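The values are calculated or read from the model by the stated rules, or taken from the named source; none is laboratory data. Here the structure is a predicted model, which is why all the values come from computation and not from measurement. Areas reflect the complete protein model, heavy atoms only, side chains present, ligands, DNA and RNA absent. Shrake-Rupley method; radii C 1.70, N 1.55, O 1.52, S 1.80 Å.
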Amino acid sequence: MESKAAMFTSAVMVAILLCSSSPAIAQKHKGPPAVSLPPSSAPAPSPSAPRHVDLADLLSVAGPFHTFLDLLEKTDVLKTFQGQANGSKDGITVFVPKDAAFASLARSATANLTSDQLKSLALYHALPRYYSLAEFNRLGGAASPVPTLAGGEYTVNVTDDMGTVHVGSMWSNPKISSSVYSTRPVAVYEVDRVLLPMQIFRTDPPMAPSPAPAPDAKPASDAASPLPGKSSSARAKADDKKSSSSPPSRRVAGIAGYFLALAASASAGLLLLF
């Protein structure tokens, strides 16, 4: 009997061991998955994306830069500027002439340009990277010209004379008169003249004629004349004519009165003697 009991106990133990080693049973009794804790120090935040700048909106409210904006839209260069401003790490620097700068040029200066020349003229007014006003001092001391978005030989010479920055081309040397917008990666500066490269203009482009001077005002003596349209000398002649054209009876009466006055004076003198 004791041997049977021992054998039964051994069989029960074997069954328990087999059940505990079963995958299903192990999965059933598996503890909760381990949770990975975050590191004690949080990762540094990524730098914020550069601010988007709409050049069309910017140029339409500043200036006025309507002529230059029309040139950018007509030549489709505005899309090139916009892509360089917000789609590149280098950014862009744009030199924008005011409407008065374009008006100072004769119409013939740009009227005969081809579509490719107009496009190159627009691209010539931008540098393919961002420059602050302080950085122009370094450019002014550079030995080589500064390339523009027009590429090739379309370069400008930047000079800084005691804080006054000039952007030189073959036929013009405009001055930066104000900063319209300057936040990396976009800089827009107002210039007082149009950049005129020799690759487009073989000779110095003609300027618009100066407006005719206003006519001189009439003298105050003529303006205050009681006889409109006549000068003082004309009035004097008119008075002489009037006096000379008086009737003869009036002249005779005047002479007679003169002699009567002399006779009266003589009579009074005689009375005093007596």
*Around Ser177, which amide H atoms from residues at least 5 apart in sequence, or from another chain, sit under 5 Å from its own amide H, with H modelled in the peptide plane?*
Glu190, Val191, Asp192
_Given a 1.4 angstrom probe, what's the average accessible area per residue across the range 56-164, in square angstrom?_
51
*asked:* What are the ³J(HN,Hα) couplings of the range 61-66, residue after residue, when phi is run through the Karplus curve with 6.51, -1.76, 1.60 and θ = phi - 60°? Round to Hz, x for glycine and proline.
replied: 9, 9, x, x, 10, 5
*By how many nm would the segment from Ser178 to Asp90 grow when fully extended, if each residue of separation counts as 0.36 nm and the alpha-carbon distance is taken off?*
29.5 nm
*Got a sec to turn the phi values of the range 79-84 into Karplus ³J(HN,Hα) couplings, 6.51 cos²θ - 1.76 cosθ + 1.60 with θ = phi - 60°, whole Hz, x for Gly and Pro?*
5, 5, 4, 5, x, 5
*What does the range 75-181 give for Rg and for Dmax, in Å, if only its C-alpha atoms count?*
14.1, 39
